[in-house]
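What follows is a set of notes on a single structure, which appears directly below.
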Amino acid sequence: MSAVDMPASQRPTTEAALAKPPRRPANMGQIIRWLLLFLGGIAMVMPIVYMISTSLKWPHEVYNINLIPEEPTIENYTYVLEDGRFYWWFVNSIIIATVTTISNVLFDSLVGYTLCKFKFPGRQIVFIAILSTLMIPTEMLVIPWYLMSQSLGWLDSYWGIMFPGLMTAFGTFLMKQFFESVPDDFIEAARIDGLNELQIWWTVAMPLVKPALAALAIFVFLGNWTAFLWPLIVTNSVEMYTVPVGLSGFGDEADVAWELIMTGAAISTIPTLIVFLVFQRFIIRGVVMAGLKG
Amino acid sequence: MAELSLHQLTKAYGKTEVLHGINLGVADGEFVVFVGPSGCGKSTTLRMIAGLEEVTSGEIHIGGTVVNNLEPKERNIAMVFQNYAIYPHMTVRKNIGFGLRSSGLPKADKEARIDEVAALLGMTDLLARKPSQLSGGQRQRVAIGRAMVRDPSVFLFDEPLSNLDAQLRTQMRLEIKKLHQRVGTTIIFVTHDQVEAMTMADRIVIMDGGHIQQVGTPEEVYRRPANAFVAGFIGAPSMNMLAAEAGPDGVRTNAGGSIAMPLGADFGKRAVTLGVRPDDLQLTDGEGLVAGTVAVCEPLGPETLVHIDTAGGEVVAKADGRHPPKVGDTVRLIAAQEDLHLFDADSGVALSWGPRT
């Protein structure tokens, strides 16, 4: 019997049909999961909230553990933004993070593509050699980097800050893995259609790994934006500092000006937030696809 | 358009040779289908013609020129791949026009050529769409369009229909055949499906184990198979093969049936394989060539495939779909003399075909 044949009293009403199914009561496992997620969320958000809170405090209130300032002020923001040094650090960080990001996106993907799509003797050895550099910690590399910079005359310059990060083993590995998902038929079809290898890489392969490129761009940008150790070592003049290096120097020998550091840090999160908001759908997809943690 | 020929073509990966001296001539405008089981070397041969695999030895000629050392783009060929290989980030228009990027044509001419090909394939309304918005058949048409737009000397198709469902495959088969009749370009088409080979080809090249087993028209390879492999591969269901002994006067199967065949006085007594197609076996009340019990019936509508257990193994026959035998029935089967094929029991080489053509 169809619904049309039913007596009116038995027919399902539109309201009944559209009503949400009754919600099942949450079990204990779900409650614990939600609680842990909530606590995790609090732990992630608290430093940001505390950073913003401190940036709105007067110096005498900084060591009070209260989230809401007693006398909120934007004096710190005025001071930092009017201080010419912060402007330079911000520009330096933008230039360094942008150039290294573009360089990584181009060169890591070129190497990754070559290792993935070209068959040549020693290919595996080259790949393993690149991967093995991931096991060397930065702390071990800074002295050779410093000596290289010194001999090349790159100390206290953009080149000096940027050169160790212009290409990364991680980026090469990430891109190689993503290029594995590009079917060889696409490459061969383009070859038959008359494109040279560089054109194939740029026109066919690169658009197909956009999520990986976006993820790599975010990883590299954030990594360089927050880099501290190497920029601290290679720079001497205040004008060449990056934001993290510059902020660490706020204050004097007797005291650290936490309210100014937090103000600078709050301002410096803006570019990273913008980058993340623009590319977040790519980074989530990219991380899931690569099976890597961000 | 151009003729194509292969001379003693071999291919080896390391020390393993997978193609063993292929010789073939393809006439200008001919539709040739390479068919064979997986691993027989048909796709490797096609990829060597395309320039995607290096030639180990031998020569490939296209339009009279040796192309062994030419890049794929210099061979003036176009290829349609099994998974279409149309770029998901480009519209249909861009996909079709992709092959013209390095043609040096003015933009207006390129656009006109794309429109012309799209009209030929009935895709004018789809030019602004992305591949994800197309059906399987439409994607296949885009892939064909991309190949056509360059007006190549030779079209290469690498199992282009194997990703389509049965109905669409039949439809595309017909469209490709019509297209060939319209444009007349030389086509090399690779498939493992013998029905595709039979229905589309001017000539079929049957391959196995890196060797060409037979080259011929569909009628020739079906009626006069060169060996037991070709006989078993071409035709569905496969030809029945019965162990037998042949002499000057006829053939006696190892299971006991016999049939008179004037094979000639110089035909020495020897072990043979007797081949007979399911279509050529008839139910009989008299003494048959083979006898057995019906094991399975597969109704196909107009006819029924009957699987019969005999002393010589399973035999498949076709029966009238309206009055098929029942499972468990004992049946006897007979075939006309001219429908029997004899193959050497050891080498599989054909010894005799029925005269029917």
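The table that follows gives values for the structure above.
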| quantity | calculated |
| --- | --- |
| Test result for residue B:176, farther than 21 Å from residue B:224 by Cα and part of a strand (DSSP E or B) | no |
| Where a residue in segment B:304-318 is in the same structural domain as residue B:281 (by TED's automatic domain parsing) and farther than 8 Å from residue B:278 by Cβ and its partner, wherever it lies, is polar (S, T, N, Q) and not in a strand (DSSP E or B), with Cβ under 9 Å and at least six apart | B:311/B:254; B:312/B:254 |
| Odd one out for residue B:71 among (1) acidic (Asp, Glu); (2) within 19 Å of residue B:186 (Cα to Cα); (3) exposed (fewer than 15 other Cβ atoms within 10 Å of the Cβ) | (2) |
| Enumeration of residues in segment A:60-78 that are β-branched (Val, Ile, Thr) and outside any helix (DSSP H, G or I) | A:62, A:65, A:68, A:73, A:74 |
| Members of segment B:218-249 that are out of contact with any Gly (no Cβ under 7 Å at 6 or more places or on another chain), surrounded by fewer than 17 Cβ atoms within 10 Å (Cβ to Cβ), more than 24 Å from residue B:318 (Cβ to Cβ) and not acidic (Asp, Glu) | B:247 |
| Residues of segment A:190-243 that turn out to be of a type outside the set (Gly, Ala, Ser) and either away from every other protein chain (no Cβ under 14 Å) or outside any helix (DSSP H, G or I) (or both), as a count | 28 |
| Qualifying residue in segment A:172-188 (condition: free of Cβ contacts under 8 Å to residues at least 40 places away in the same chain and touching a strand residue (DSSP E or B) at 6+ places or on another chain (Cβ under 8 Å)) | yes |
| Those helices (runs of 4 or more DSSP H) lying entirely in segment A:93-163 with at least 2 residues hydroxyl-bearing (Ser, Thr, Tyr) | A:138-152 |
| Evaluation of residue B:350 against (1) surrounded by fewer than 18 Cβ atoms within 10 Å (Cβ to Cβ); (2) more than 20 Å from residue B:255 (Cβ to Cβ); (3) aliphatic (A, V, I, L, M) (one fails), failing number | (1) |
| Any chance residue A:94 is exposed (fewer than 12 other Cβ atoms within 10 Å of the Cβ) and not hydroxyl-bearing (Ser, Thr, Tyr) | no |
| One residue from A:187, A:96 being within 14 Å of chain B (Cβ to nearest Cβ) and of a type in the set (A, V, I, L, M) | A:187 |
| When residues of segment B:54-110 are limited to those that are away from chain A (no Cβ under 13 Å) and among the small types (Gly, Ala, Ser), the one nearest to residue B:151 (Cα to Cα) | B:63 |
| Among (1) within 14 Å of chain A (Cβ to nearest Cβ); (2) surrounded by 18 or more Cβ atoms within 10 Å (Cβ to Cβ); (3) in contact (Cβ under 8 Å) with a residue 60 or more places away in the chain, the one test that residue B:163 misses | (2) |
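Residues are listed down the side, and each one gets a yes or a no for (1) among the β-branched types (Val, Ile, Thr); (2) in a loop (DSSP other than H, G, I, E, B); (3) crowded, with 16+ Cβ neighbours inside 10 Å; (4) in contact (Cβ under 8 Å) with a residue 40 or more places away in the chain:
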position	(1), (2), (3), (4)
A:38	no, no, no, no
A:45	yes, no, no, no
A:57	no, yes, yes, yes
A:81	no, no, no, yes
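The values are calculated or read from the model by the stated rules, or taken from the named source; none is laboratory data. The structure presented is a predicted model; accordingly, all values stated were derived computationally and were not measured. Glycine also receives a Cβ, built like all others from the backbone with ideal geometry; neighbour counts cover every protein chain displayed.
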